[in-house]
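Heads up, the thing below is written out as structure tokens.
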Amino acid sequence: MRTRTPALLLLPGLALLLIGFLIPSVVMLFAPPGVTAADIFGRLGAMLSDPYDLRIIGRTVGLGLIVTGICVALGFPIAYLLARSTSRWAGVLLALAIFPLLLSNVVRTFGWLVVLGSNGAIGQLLTGLGLVDAAPQLLYTELAIVLGLTQLFLPLAIISCYSAVAQVDAGLDDAARGLGASRGRTFWTIVIPLSLPGIVVAATLVFAGAVTAYTTPYLLGGSSQRMLSTQLFSYASVTIDWAGASATALIMTVLVFLVSGLSSLVARKGATS
Amino acid sequence: MRTSRPVAGSLAVLGYIIMIVPILFVVATSFTGGRTLRFPPEGFSLQWFEAALTYDPFISALVSSLQLALIATVLALAIGIPATLAIHRGAIPGKGVIEGLFLSPLIVPELVVGLALYQQLMIGFGLANFETLLLGHTVLMLPYAVRVTGASLALADPALEEAARGLGASPLRAFFTITLPLLRPGIFSAGLLSFLTSFNNVPLSLLLQSRDFRTLPVTMLDYVQQSYDPMVAAMATLILAGTVVIAVIAERTVGFAKIFGGINR
């Protein structure tokens, strides 16, 4: 390639990124219409001391952490069993775990309305069996949000863990077992430490996805279980409160940057030690 | 699964139940003969499919979403592939920074990008919502184009292109007859992922709606808020069927696992 060609090839992409992403994002975060950066940071301070706003932030981070824990706890065993299985069903099960990533979040989340709704499967089952008089309130609870987010992000956790486990030589398991380690001991001292980088990636992706997801808290949490994303939408389109919207957007962005930075720090440390 | 790992086995079963069962419930309720969203469904009928397919807001939103996804995908590939070539093959300073820039839309929350485009371009600049959506979706797809085609470019031996050049082919001819065919699986995967990501998108598109141009997922969300009938279940089942067809095509052509080299970032 001649010297000027690469620059020409990059130009349209860089222009698009500037106009359609970087400039609007920075201006929105720090200088939205009629608002100064000082207003936004003032608002940020007010949010961090207001009990209502703090509850929303706490709920977002808390549910994010819970969902991350569940996705790793369920996703790693699935990845491990699939990577170590010699059954021909393993391929089918892996495809079944990947497929939901292609499917619309609205479609996937909508299923919980049918499962958890007052006329839904669980409510009907419990009242049908005579265990309860009236179907319990399952929808519009934090439990519903946790279930919905787990469903959305579990495939991501499985894929990240799978590529890590698949790289761990199964011969190492056998060697540890041959030297007398129990299956549990082999799992915790060989398999888990060696696949830790994949687990860190999985946790980062799930957490970042869970604290920014909109469809799930909107459909399953409703207005009673606000999270940062649903709060952001309401500032931007219901109350048209640009300072509030920017402050909320800043919190979300910082949260995601923080975990991404933290995870690459952990990855770098793991690589050098 | 062997039963000799009871703990891992039960966790795995629980995981699959959470991932898959709600989707099955959507399908089951879409065939109900009743008028409300309840389980078990009352009787069997196709009435809600008929309702969904004749409900104007759904159909025009479906057409809009397909249009948007198709154009955004083509644009992202047309802009992303040359950029990938420059990053991997060109002698340019700061490659790492430039690649990072192209991947950066992945780390900023989509809802935040959507708000930025809504406030700055739609309200601030008076850009029509279709153009704003197109701009936003193309930006969001760029990382897929750069990462997925980049991965297959890394596998393509540059010596092949040099050999063609040495035998007298022009740079363009060498590119179109040697490099591009080698990239085809990567481009196909990137295109497929981009199309589905755009078609399914909610957070970025959420604020960028207008009465004339609305996307399907957002229209469905709005509908659920005002009515609790099974028509959305029928529409969801149709989307599921379409996605299954695309997944089967993907599996037959490049293979599922390869495509997700791109999502597993």
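The values are calculated or read from the model by the stated rules, or taken from the named source; none is laboratory data. The structure displayed is predicted, hence computed values, not measured ones. Ideal geometry is used to build each Cβ from the backbone, glycine not excepted, and the neighbour counts take in all protein chains shown. Keep in mind that these areas ignore ligands, DNA and RNA; they rest on the heavy atoms of the full protein, side chains included. Shrake-Rupley method; radii C 1.70, N 1.55, O 1.52, S 1.80 Å.
Structure data summary
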read-out: Debye-sum result for the protein assembly as shown in log10 I(q)/I(0), which assumes one identical scatterer on each alpha carbon, at q = 0.06, 0.07, 0.12 Å⁻¹; value: -0.31, -0.42, -1.26
read-out: Mean Cα-pair separation over length for the stretch A:47-272, i.e. relative contact order, pairs under 8 Å, 6 or more apart, %; value: 26
read-out: Percentage, to the nearest whole number, of Cα pairs in chain B over 30 Å apart; value: 44
read-out: Inter-site label distance for residue B:74 and residue B:157 at 7 Å from Cα along Cβ, in nm; value: 3.6
read-out: Cα gyration tensor, the stretch A:1-143 - rounded (a/c under 1.5), prolate or oblate; value: oblate
read-out: Normalised convex hull volume, chain A, alpha-carbon set, Å³ per residue; value: 229
read-out: Helical segments meeting 18 Å axial Cα length and Kyte-Doolittle 0.0 threshold in chain A (DSSP H); value: A:5-17, A:51-84, A:142-167, A:196-212, A:242-272
read-out: Under the Debye formula (equal points on every Cα, no solvent term), log10 I(q)/I(0) of the stretch B:93-250 at q = 0.09, 0.12, 0.14, 0.18 Å⁻¹; value: -0.44, -0.72, -0.89, -1.15
read-out: Cα→Cβ-extended label distance, 7 Å offset, between residue B:53 and residue B:10, nm; value: 4.6
read-out: Helix B:180-200 vs. chain B, principal-axis angle (Cα, 0 to 90°, nearest 10); value: 30
read-out: Modelled label reach - residue B:123, point 7 Å along Cα→Cβ, the stretch A:7-36 residues with backbone N closer than 19 Å; value: A:20-36
read-out: Spatial separation of Cα centroids for the stretch B:123-158 and the stretch A:143-221, in angstrom; value: 29
read-out: Shape of the stretch A:165-238, Cα gyration tensor, a/c cut at 1.5; value: prolate
read-out: Whether the stretch B:1-88 is rounded, prolate or oblate, judged on the alpha carbon gyration tensor where a/c under 1.5 counts as rounded; value: oblate
read-out: Set of the stretch A:230-254 residues, backbone N closer than 13 Å to the point 7 Å along the Cα-Cβ line of residue A:55; value: none
read-out: Solvent-accessible area per residue for the protein assembly as shown (1.4 angstrom probe, square angstrom); value: 44
read-out: Inter-site label distance for residue A:169 and residue B:222 at 7 Å from Cα along Cβ, in nm; value: 5.9
read-out: Charge dipole magnitude, Cβ of K and R +1, D and E -1 - chain B, Cα centre, debye nearest 20; value: 680
read-out: Pairwise FRET efficiency - residue B:91 versus residue B:177, Cβ, R0 = 22 Å, nearest 0.05; value: 0.40
read-out: Karplus-derived HN-Hα couplings along the stretch B:109-119 (A = 6.51, B = -1.76, C = 1.60, θ = phi - 60°), whole Hz, x at Gly and Pro; value: x, 4, 4, 5, 4, x, 4, 4, 5, 4, 6
